[in-house]
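The values are calculated or read from the model by the stated rules, or taken from the named source; none is laboratory data. As the structure is a prediction and not an experimental result, all values here were calculated from the model. Here the Cβ positions follow ideal geometry from the backbone for every residue, glycine too, while neighbour counts run over all protein chains shown.
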Amino acid sequence: MPPRKEKPAADTRASETAIASFESEFERLNAIVDKLERGNVPLGEMIALYEEAMTLSARLKSVLTDAELRVERLAAVHEENVSSAGANDILESEDLF
């Protein structure tokens, strides 16, 4: 089995920052939605809030898409490792006979 590649520290920090940013941006989006749903917001502010909400929504979707792709890649690597480990077990058991 090939040596495991360690993730560079910068990538890990970037991931952690993206997650923290995601959480705060998601909270902000919820606050905007709550404010708009309550009503009584002047039209100019409503438009500005709507624009901010759309920007946040797009960024959050992008982060979620990136996370989904990352999980899929990790799952594929895991499957590959399980498959190659299974093949090695079969080869080793054949050596016993």
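Miscellaneous remarks
Residues are listed down the side, and each one gets a yes or a no for (1) aromatic (Phe, Trp, Tyr); (2) more than 28 Å from the chain's Cα centre (by Cα); (3) modelled with pLDDT under 95:
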| residue | (1), (2), (3) |
| --- | --- |
| Pro42 | no, yes, no |
| Ser57 | no, no, no |
| Ser62 | no, no, yes |
| Ala67 | no, no, yes |
| Arg70 | no, no, yes |
| Ala75 | no, no, yes |
| Ser84 | no, no, yes |
| Ala87 | no, yes, yes |
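- Selection over the stretch 17-31 of residues that are modelled with pLDDT of 95 or more and either surrounded by 13 or more Cβ atoms within 10 Å (Cβ to Cβ) or touching a Lys or Arg at 6+ places or on another chain (Cβ under 9 Å) (or both) gives a count of 4.
- Out of Asp11, Asp34, sole residue that is modelled with pLDDT of 95 or more and either assigned to a helix (DSSP H, G or I) or exposed (fewer than 10 other Cβ atoms within 10 Å of the Cβ) (or both): Asp34
- Cβ-Cβ under 8 Å pairs, at least 6 apart or on other chains, the stretch 38-63 side in contact (Cβ under 8 Å) with a residue 40 or more places away in the chain, far side assigned to a helix (DSSP H, G or I) and not hydroxyl-bearing (Ser, Thr, Tyr): Val63/Ala18; Val63/Phe22
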